[in-house]
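Report on the structure given below.
The values are calculated or read from the model by the stated rules, or taken from the named source; none is laboratory data. Since the structure is predicted, the reported quantities are computational estimates derived from the model, not experimental observations. Virtual Cβ from ideal backbone geometry, glycine too; neighbours counted across all protein chains shown.
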């Protein structure tokens, strides 16, 4: 039977009735990992703030000004709404509502777009880690 510990966060072993099912699941998970779309199941329990705290510093090729801008957006716009939300619970509807609220507050379209892009990029980095 394949070892699924690394793919399940190591704490929750996955069980299968047949070896064929386990091998098929493992093959699918490894394929998703190769494609850069696999997300560690344990990561879904981490909050947005915990995940994205070091994200700007980890970005390659950014100026310090850009890193500071990203950090500012995280602190002023992302964390108040999503900071304590577990990554696995961030929904498309919540993000859409957040974007609408920022527009209703009178933020410029470019500022709303920048805020959205910072949130999206930090969450996208989650699916490509590893």
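Tabulated values for the structure
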item	result
Matching entry among 106, 54 (being within 14 Å of residue 122 (Cβ to Cβ), assigned by TED's automatic domain parsing to the domain that holds residue 124 and exposed (fewer than 13 other Cβ atoms within 10 Å of the Cβ))	54
Some residue of region 52-61 being modelled with pLDDT of 85 or more and in a loop (DSSP other than H, G, I, E, B)	yes
Tally of residues being touching a helix residue (DSSP H, G or I) at 6+ places or on another chain (Cβ under 9 Å) and surrounded by fewer than 17 Cβ atoms within 10 Å (Cβ to Cβ) across region 80-89	6
